[in-house]
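Shown next, in C-alpha cells, is the structure this report addresses.
The values are calculated or read from the model by the stated rules, or taken from the named source; none is laboratory data. Note that the structure is a prediction, hence the values are computed from the model and not measured. Cβ placement follows ideal geometry from the backbone for every residue including glycine, while neighbour counts extend to all protein chains displayed.
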Amino acid sequence: MGLCLNPELGFLYTIKEDLELYFTVGFELQNLHFIETEYDYGIGSNTVNLDALSVSIGVAF
C-alpha cells in the first residue's frame, strides 16, 4: 500500500480532423510502505520511494 502520483505535461498536435499526435513527459512517484518478517528479528516495516521518468508518444484517431 502507498501513495502513487503521476503528473504529466504534454501537447497534442492535430494533423487532420480525425488524426492527432500527442507527446507527454511526466514524473512517477510512489511511496510504498510494506511489512517484512525475518526469521531472527521478528516483524518490521519499511518505506521505499520509487521514482521514475515517463514519456508517452502516441496517435489518437
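This table checks each residue for (1) of a type in the set (Val, Ile, Thr); (2) out of contact with any Phe, Trp or Tyr (no Cβ under 9 Å at 6 or more places or on another chain).
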site: Leu3; (1), (2): no, yes
site: Glu8; (1), (2): no, no
site: Gly26; (1), (2): no, yes
site: Leu32; (1), (2): no, yes
site: Thr37; (1), (2): yes, yes
site: Ser45; (1), (2): no, no
site: Leu53; (1), (2): no, no
Problem - Any strands (runs of 3 or more DSSP E) falling wholly within the chain and containing at least 2 residues that are at pLDDT 90 or above and exposed (fewer than 10 other Cβ atoms within 10 Å of the Cβ) - result: 8-16, 42-60
